[in-house]
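Worksheet: one structure, shown below.
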Amino acid sequence: MPIKKVSFEETLGRHILPSKCVGCATCVIVCPFGCLEYADGRPRLVGECKACGVCAQVCPRYSFSMEALEKLTFGRERNPDEEFGIYRRLIAAQTTDVEIGRVCQDGGVVTTLLKYALESGLIDGAALSGISEDEPLKPKPKLALTVGDIISCAGTRYSYSPNMLAFKEGVKMGKKHLALVGTPCQIHAARMIQHSPLKRYANALKLTIGLFCTESFDYKGLVNGLLRGEMGINPEDVEGMNIKGDLMVRLKDGGVRRIPLEKAKKYAWNCSLCGDFSAELADISVGGLGLNGWSLTVVRTEKGEELFDGAVAEGLLRVRAINEDELPYKLLIRLSRLKRRRLANPE
Ligand SMILES: Cc1cc2nc3c(=O)[nH]c(=O)nc-3n(C[C@H](O)[C@H](O)[C@H](O)COP(=O)(O)OP(=O)(O)OC[C@H]3O[C@@H](n4cnc5c(N)ncnc54)[C@H](O)[C@@H]3O)c2cc1C
């Protein structure tokens, strides 16, 4: 698709920044003139815009077309009955790696697949979400170059992590086989890059692993408003969080506290404009839906299937079938419909 020459102000500045920007940072990383920086979860114009139009071309909120990106990714658009997107296989999977099992969020599928991909030379780095040194609930984009790096990023931080910034770092280092892990909006942005003429970035992106996502949260809202304010929890006492119907907070003393997801909604990130629950454009999508210690895994592309089968063949993952009458399948359908409906009828 040729790039239309328009300025940041005319496109993203006017139409996206005021209320639609999700803060994925894709516009920031691709600006060829370094005119944009990422600050407070949003792009900011810091140089004279040359109106090259590249930023608008990759923004998942500006000219996003699921149909066009499905054709790019799968060679076709979905059929109406493909409610959670095009896929090859739906299974539950769990890591066999004891170390990963100790630190992962659900079944450790994401970390295990990345470890396998790095060790077998399929990737030379991965753009992930790491943890801030002084604030363990705060995500921080991280370019993982070793298995140790990958394992250190396991687990979910529920506030927004612009992993694209780590992807850019990898491209700048000359990495040619990068993986990107991200929420559905970040996978949309990754496909927007591949749909654009930005070959330097498109060619370096070899694998996308998407995370199921109802919504992400604003970090300050999550920590100060929800944890401290509504739940009376000191964030330093938190071992981890998960979404299982409710938002669950695991404490370091072994206790578990729950709050209905509805009550957490006022701290949500700018997610109401996303109709994709299960990262429908990823090579592989993973979530914890209705499963305990296992990941519901949607293998979508041929590339994703080769990776997944390779990890299973090496004994790195154990798998079990998921049938259409089981809860995880029903939840996947229900939450996919809910999120699409929310997009069609924003609050
Ligand atoms: C904001 C958010 C909301 C989610 N909501 C749901 C939900 O409603 N239902 C559901 O079933 N699953 C949800 N998930 C996915 C779920 O929490 C797990 O990430 C998924 O099940 C994979 O588990 P795992 O054990 O295979 O991953 P792990 O092996 O533990 O690996 C997790 C990977 O996630 C990456 N990561 C962590 N935090 C972030 C972040 N904030 N942004 C981007 N990447 C990150 C890390 O880099 C790591 O590579 C959500 C994830 C996020 C980030």
Net dipole in debye of the chain [+1 Lys, Arg Cβ; -1 Asp, Glu Cβ; about Cα centre; nearest 20]: 840
Stokes-Einstein D for the range 270-318, Kirkwood Rh over Cα pairs, 4 °C, 1.567 mPa s (µm²/s): 106
DSSP-defined antiparallel bridges as percent of all bridges, the chain, nearest 5: 75
Share of alpha-carbon pairs per 5 Å distance bin for the range 106-222, given as whole %: 2, 12, 23, 25, 20, 12, 5, 1, 0
Per-residue [θ]222 nm for the chain (sum of -39500 (n - 2.57) over DSSP H runs n ≥ 4, rounded to 500): -8000 deg cm²/dmol
Principal semi-axes in Å for the range 190-229 [√(5λ), Cα gyration tensor, largest first]: 35, 11, 8
Alpha-carbon centroid distance for the pair the range 112-130 / the range 241-257, whole angstrom: 28
Under Karplus coefficients 6.51, -1.76 and 1.60, residue-wise ³J(HN,Hα) of the range 191-205 in Hz, glycine/proline x: 5, 4, 4, 5, 7, 9, x, 7, 5, 4, 7, 4, 5, 7, 8
Most positive-pole-ward Cα, GLN194, ILE209, THR301, against dipole of the chain from beta carbon charges: GLN194
Calculated diffusion of the range 252-347, Stokes-Einstein form, Kirkwood radius summed over Cα pairs, 4 °C and 1.567 mPa s, µm²/s: 82
For SER216, distant residues with modelled amide H under 5 Å away: TRP269
P(r) weight above 28 Å for the chain, C-alpha pairs, percent: 40
Selection from GLY182, CYS35, VAL312 lying farthest towards where the dipole of the chain points positive, charges on Cβ: CYS35
From phi via Karplus (6.51, -1.76, 1.60), per-residue ³J(HN,Hα) for the range 10-19 in Hz, x at Gly/Pro: 5, 9, 5, x, 7, 9, 10, 4, x, 8
Most to least packed among 328-341, 276-289 [average Cβ atoms within 10 Å]: 276-289, 328-341
Accessible surface, 1.4 Å probe, highest first, among residues VAL298, VAL110: VAL110, VAL298
Filter on LYS20/LYS175; LYS5/LYS303; LYS4/LYS199 - keep pairs with C-alpha separation over 23 Å: LYS20/LYS175; LYS5/LYS303
Taking only Cα atoms of the range 48-178, radius of gyration then Dmax in Å: 17.5, 52
Sequence-distant residues sharing a close amide H with LEU247 (under 5 Å, placed H): ILE259, LEU261
Euclidean distance between Cα centres, the range 185-209 to the range 8-58, Å: 17
Integer Hz, Karplus 6.51/-1.76/1.60 couplings in order for the range 259-274, x for Gly and Pro: 9, x, 4, 3, 6, 7, 4, 5, 9, 5, 6, 7, 10, 5, 9, 10
Net charge over other residues, Cβ less than 13 angstrom from the Cβ of ILE151 (K, R count +1; D, E count -1): -1
Extent along principal axes [Cα atoms of the range 9-58; Å; largest to smallest]: 24, 19, 17
Cβ-defined net charge surrounding TYR38, 14 Å radius [Lys, Arg +1; Asp, Glu -1]: +1
Cα-based convex hull volume of the range 219-267 per residue, rounded to whole Å³: 65
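The values are calculated or read from the model by the stated rules, or taken from the named source; none is laboratory data. Everything numeric in this text was worked out from a predicted model, so none of it was measured. Glycine gets a Cβ as well: all are built from the backbone with ideal geometry, and neighbour counts include every protein chain shown. All accessible areas refer to the heavy atoms of the entire protein, side chains included, with ligands and DNA or RNA removed. Shrake-Rupley method; radii C 1.70, N 1.55, O 1.52, S 1.80 Å.
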